1. By counting other Cβ atoms within 10 Å of each Cβ, how are Ser2, Ser25 ranked from fewest to most?
2. Please compute the length gained on full extension between Trp49 and Leu10, using 0.36 nm multiplied by the number of residues separating them and subtracting their Cα-Cα distance.
3. Pulled fully out, how much extra length does the chain show between Glu82 and Glu34, if you take 0.36 nm times their separation in residues and subtract their Cα-Cα distance?
Amino acid sequence: MSGNVELAKLLWGRGAREGAAFALSNAVTKGYLEMTRWLLANCKTDLNWKNYEGKTALMIATEKGEQHSDPSKDGGPRGIFEASIKSRNLPSRNQEEYV
């Protein structure tokens with residue numbers, strides 16, 4: 001994945017729907033914040049999907065958030081997830097259920 005949001009939009013517009021959770025995990029891992037935002041806003045990604053290490057994208061974002069240089073700017077990867085969870089109007093449950 002290159003982090004190219006325009007390419008993702010093009011593919012999505014042409015019907016590509018498989019692999020969104022994998023793409024999200026990769027975007028978070030590589031620090032592609034714009035791609036992360038776009039995937040969370042436009043794809044119905046399974047937030048419980050786990051990579052080969054058994055980590056969800058939210059777990060990776062939390063780890064990355066600890067390394068984020070300016071969390072006040074946008075909250076870093078974890079902030080993007082928190083905003084997405086709120087915007088999806090998910091039931092108010094323990095956030096660990098989404099990890």
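1. Working: Ser2 9, Ser25 27.
With the fewest neighbours first, Ser2, Ser25 line up as Ser2, Ser25.
2. Details: separation 39, 0.36 × 39 = 14.04 nm, distance 2.40 nm.
Between Trp49 and Leu10, full extension yields an extra 11.6 nm.
3. On the way: separation 48, 0.36 × 48 = 17.28 nm, distance 1.49 nm.
Gain on extension, Glu82 to Glu34, equals 15.8 nm.
Here, each number is a calculation from the coordinates, and none is a lab measurement. Given the structure is predicted, the values throughout are model-derived calculations rather than measurements. Neighbour counts run over all protein chains shown; Cβ positions are idealised from the backbone, glycine included.
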